[in-house]
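Trainee: One structure is given below, represented as structure tokens, and several questions about it will come after.
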Protein chains: 2
Amino acid sequence: MNSRYLAPDPVTGDTATISDVARLAGVSISTVSRVVNGTAPVSGAVMARVEAAMQTLHYVPRAAARNLATRRAHTLGLMLAVSSGDFFGPLLAGVEGVAVEHGYDLLISTAGRNGPQTELPRSLGRHNTDGVLVSAGSLHETALRALHATETPLVLLHASAPDGLNIPCVTIENKAAARAAVEHLIEAHGRRRVVLLRGPDLLADSYWRELGYRQAHTRHGLDVDPALCVPGDFNHEVAERSVARLLAEGVPFDGIFTGDDDAAVGALRALHAAGVRVPEDVAVVGFDDQRLAAALTPPLTTVRAPTEEVGAEAARQLIALIERRPVQPVTLLPTTLVHRRSCGCLGV
Amino acid sequence: MNSRYLAPDPVTGDTATISDVARLAGVSISTVSRVVNGTAPVSGAVMARVEAAMQTLHYVPRAAARNLATRRAHTLGLMLAVSSGDFFGPLLAGVEGVAVEHGYDLLISTAGRNGPQTELPRSLGRHNTDGVLVSAGSLHETALRALHATETPLVLLHASAPDGLNIPCVTIENKAAARAAVEHLIEAHGRRRVVLLRGPDLLADSYWRELGYRQAHTRHGLDVDPALCVPGDFNHEVAERSVARLLAEGVPFDGIFTGDDDAAVGALRALHAAGVRVPEDVAVVGFDDQRLAAALTPPLTTVRAPTEEVGAEAARQLIALIERRPVQPVTLLPTTLVHRRSCGCLGV
DNA sequence: CTGTTAGCGCCTTCAT
DNA sequence: ATGAAGGCGCTAACAG
């Protein structure tokens, strides 16, 4: 190539470069560059010729060359924790939609099952990426601090920034949602002794949801009985054990806020095994509205989070950061409570 | 930079290049390149000096420059259909693990909810990517043909190549798995009239699973009653309607192969609503072993697919293709039947 | 509006 | 075993 007028040879896989186009169109490479990027005005006639040339040559700019010349990667990094379960898809869809809309590609990396990485994978490193979206549990705090120190544009997903780090984050209104869920049990269904299945210690989600649980009590002049706050870990096995123990010990309760839907599975199972009726004896609310929520017996009342929008908003923030526009330090997306049978609302 | 001996300025975000390292170590850039890539032997002493220099400068090679020089992207493209539900995570984990292991990055793109794309997104195009993994339902056949014509290395996920296209594909043993599931109903539980909830027409999965269903019958000298083959669409609503209709029409049956777990949700719901006991009156098997399978009432007997391994194997094939090593035209990964209550096996 | 000319950072022969 | 020099394809001043 580069020395012939021919179309790219489909056999060698050789493809046209900007100079091929320029030559065919009878202009300079700068002009081609201009019509490709709309960087500067180009006369109609010339533009037409160039576009024709690009067509016949099947010209596609080579990203590596552009990236090298502009010293930008035109790429967003997304650092994920594998466990992301169900909302993986929507999250990705949200992020990707916004990314392409703004002309960015998406480079992905997942943390192994050995927990948060202590190092940013090279693929998402400084030069491969203009910025990185870091989802909760994917990157160890020290790695995050190191990254932040290099001034890499960063946005946190479903997590808040470690002390002292000024990193924008986008997540859902955990506290308000948890409060609303528990208040629903208290107000609409007259429950007074609601169990809290606590989430994993390190997760920000756990912290805020617990706070919401407490706030619901405070607002209604209720005390929180420490005996009702047991481990749930956002995990059905842990949850099942906790609820079974409560039952075995004869601790009285008439409601459960399970922290997340997975834990709800365990809670329902323990309740069912003990012959406790849901929602008559114990009303249950979950959190997340995963696909399985509606399929449980009884169908689970739970909090629906706008996962796709979380991804989209995070991407928007990151791009703003990259392009040096003002950024929201923390954005909390609103949730809605989905009423199903397990709380006592629908049907019986 | 490029003219000082200093470490990269953390404030400007300026970072070291290969020449900075060379200068600090007192060698040429070629030598640095050699130690970075292990391209040619380098004396121990020199190597040590270079490595020290890289350390103190926090040197990281710039991907764009390498890609430009080598004319390779060192990147795999992954084209996904958004709906991928539950097995999104494992699949990604599989692909990514193999990719990084071989020194490739992962660029992702998802098909919008408007069905298969008719064009490969630019981000996964020829120069941004050394090859592309195309998952079922993400790319329209014409796009696939066009892509294939450009000689882009391609591997299909959960789909087989369109007629005449010689594209390797990796998926699971749909036919054998479906056959085993249905045979289990026939052999272990004595069912003779098993309903088939057919999957979506265009999906390869649907086709093979239906074939397996038929094969199970043939092998046992049973006829397939066309009245028992109804739409399921891998969708709980469609499935619920179909099963409800069968019940209403009084068509007799004693088992259901639901095609996938989502459809199983609908089937169980319809059965429950009609007061039909599972598994006593009707035994049910699903397919996929999604997370909700174990949480259903009763817990669902279903086929477990090695999703992560599918991703990993696909990545291996693609890399082989890229590096011009021999490739498996089609690889079928084995599944296992997970016995739970809905078929009549465990508990009651 | 259009062309010329430097690089961007790295790999890769080709000498030595 | 090491260095020198020429690209890879494109963008971005800088002239006209």
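Coordinate-derived values only; no laboratory data. Only a predicted model underlies this, so the values are computations on that prediction, with no experimental measurement involved. Heads up, the Cβs are rebuilt from the backbone with ideal geometry, glycines too, and the neighbour counts pull from every protein chain shown.
Trainee: Could you list log10 I(q)/I(0) for segment B:137-201 at q = 0.14, 0.24, 0.27 Å⁻¹, which the Debye formula gives when each Cα is one point scatterer?
Mentor: Debye output, listed in q order: -0.59, -1.04, -1.20.
Trainee: Projecting each Cα onto the charge dipole of chain A (Lys/Arg +1, Asp/Glu -1 at the beta carbon, about the Cα centre), which of A:Leu139, A:Ala69, A:Pro326 comes out farthest on the positive side?
Mentor: A:Ala69
Trainee: If contacts are Cα pairs under 8 angstrom and at least 6 residues apart, what is the relative contact order of chain A in percent?
Mentor: The value is 16 percent.
Trainee: Provide the per-residue ³J(HN,Hα) series for segment A:22-28, in order, calculated from phi with Karplus coefficients 6.51, -1.76, 1.60 and θ = phi - 60°, each as a whole number of Hz, with x at glycine and proline positions.
Mentor: With the stated coefficients, segment A:22-28 comes to 4, 4, 4, 7, x, 9, 8 Hz.
Trainee: Still on this structure, please answer the following. Relative contact order, percent, of segment A:88-231 when contacts are C-alpha pairs under 8 Å separated by at least 6 residues?
Mentor: 16
Trainee: What is the ratio of the Cα radius of gyration of segment A:60-139 to 2.2 N^0.38 Å, where N is its residue count, to two decimals?
Mentor: Working it through for segment A:60-139, the quotient is 1.16.
Trainee: Another one. Amide H neighbours of B:Val338 under 5 Å, counting only residues 5+ apart in sequence or on other chains, H built in-plane at 1.01 Å?
Mentor: The answer is B:Thr302, B:Val303, B:Arg304.
Trainee: Sticking with this structure for a sec: Just report the Cα centroid separation between segment B:178-251 and segment A:53-125, whole Å.
Mentor: Their Cα centres are 41 Å away from one another.
Trainee: So who's got an amide H within less than 5 Å of the one on A:Gly259, skipping anything under 5 residues away but keeping other chains? H placed 1.01 Å off N, in plane.
Mentor: Long-range HN contacts for A:Gly259: A:Leu197.
Trainee: Further question: Compute, for the protein assembly as shown, the length of the dipole vector about the Cα centre, with Cβ point charges of +1 (Lys, Arg) and -1 (Asp, Glu) only. Units Debye, rounded to 20.
Mentor: The calculation lands at about 1440 debye.
Trainee: Quick check: pseudo-label points 7 Å beyond the Cα along Cα→Cβ at A:Ser43 and B:Val60, how many nm apart are they?
Mentor: Those two pseudo-labels are separated by 4.7 nm.
Trainee: Sticking with this structure for a sec: Can you pull the one-decimal nm distance between simple spin-label points at B:Ala52 and A:Arg192, each 7 Å off the Cα toward Cβ?
Mentor: For B:Ala52 paired with A:Arg192, the spin-label model returns 7.6 nm.
Trainee: Helix-only mean residue ellipticity at 222 nm, the protein assembly as shown, DSSP H runs n ≥ 4 weighted -39,500 (n - 2.57), per residue, nearest 500. What is it?
Mentor: Working: 22 runs with 269 residues, N = 696.
That calculation yields -12000 deg cm²/dmol at 222 nm.
Trainee: What ³J(HN,Hα) values, in whole Hz, does the Karplus curve 6.51 cos²θ - 1.76 cosθ + 1.60 give for segment B:302-313 when θ = phi - 60°, with x put for Gly and Pro?
Mentor: Couplings: 7, 8, 9, 9, x, 4, 4, 5, 4, x, 5, 5 Hz.
Trainee: What trypsin sites (Lys or Arg not before Pro) does segment A:283-348 have in DSSP loop regions with at most 13 other beta carbons within 10 Å?
Mentor: A:Arg324
Trainee: Determine the dipole magnitude for chain B: charges of +1 sit on the beta-carbon of Lys and Arg, -1 on that of Asp and Glu, nothing else is charged, the reference point is the Cα centre, and the result goes in debye to the nearest 20. List each step's numbers first, then the result.
Mentor: Details: 32 positive and 37 negative charges, 162 e Å.
In debye, rounded to 20, chain B gives about 780.
Trainee: Could I ask something else about it? In the P(r) worked out for segment A:1-155, what percent of Cα pairs fall beyond 18 Å? Spell out each step's value before the answer.
Mentor: Values: 7901 of 11935 pairs.
Summing the P(r) tail past 18 Å for segment A:1-155 gives 66 percent.
Trainee: Of the options A:Ala227, A:Ile18, A:Ala99, report the single residue whose Cα projects farthest towards the positive end of the charge dipole of the protein assembly as shown (beta-carbon charges: Lys, Arg +1; Asp, Glu -1).
Mentor: The residue sitting most towards the positive pole is A:Ile18.
Trainee: Length gain on complete extension for the stretch A:Ala146 to A:His220, per 0.36 nm per residue less the alpha carbon to alpha carbon distance?
Mentor: On the way: separation 74, 0.36 × 74 = 26.64 nm, distance 4.43 nm.
Stretched out fully, the A:Ala146 to A:His220 stretch lengthens by 22.2 nm.
Trainee: Select from A:Thr110, A:His217, A:Leu300 the residue farthest towards the positive end of the dipole of chain A; place +1 on Cβ of Lys and Arg, -1 on Cβ of Asp and Glu, and compute about the Cα centre.
Mentor: Value computed over the given set: A:Thr110.
Trainee: Rounded, prolate or oblate: which one fits segment A:181-282, using the alpha carbon gyration tensor with axes a ≥ b ≥ c (rounded when a/c is under 1.5, else prolate when a/b beats b/c, else oblate)?
Mentor: Verdict is oblate for segment A:181-282.
Trainee: Using only the alpha carbons of chain A, what is the convex hull's orientation-averaged projected area in square nanometres?
Mentor: 22.9
Trainee: With +1 on the Cβ of every Lys and Arg and -1 on the Cβ of every Asp and Glu, and nothing else charged, how large is the dipole of segment A:192-327 about its Cα centre, in debye rounded to the nearest 20?
Mentor: Magnitude of the dipole: close to 240 debye.
Trainee: Compute the long axis of helix A:204-219 from its Cα atoms, compare it with the longest principal axis of the Cα atoms of chain A, and write down the angle in degrees, 0 to 90, nearest 10.
Mentor: 40
Trainee: Quick one: which residues, 5+ away or cross-chain, put their amide H under 5 Å from the amide H of A:Gln117? H built at 1.01 Å from N.
Mentor: Result for A:Gln117 returns A:Leu139, A:His140.
Trainee: Rounded if a/c is under 1.5, else prolate if a/b is larger than b/c, else oblate: which is the protein assembly as shown, with a ≥ b ≥ c the root eigenvalues of its Cα gyration tensor? Can you show the working numbers first?
Mentor: Values: a/c = 2.22, a/b = 1.41, b/c = 1.58.
Cα axes put the protein assembly as shown in the oblate bin.
Trainee: When Lys and Arg each count +1 and Asp and Glu each count -1, what net charge do the other residues less than 13 Å away from A:Ser138, Cβ to Cβ, add up to?
Mentor: Combined, the nearby Lys, Arg, Asp and Glu give -2.
Trainee: Per-residue HN-Hα couplings for segment A:150-165, Karplus 6.51 cos²θ - 1.76 cosθ + 1.60 at θ = phi - 60°, whole Hz, x for Gly and Pro?
Mentor: Running phi through 6.51 cos²θ - 1.76 cosθ + 1.60 with θ = phi - 60° gives 7, 6, 5, x, 9, 9, 9, 10, 6, 7, 10, 5, x, 3, x, 8 Hz.
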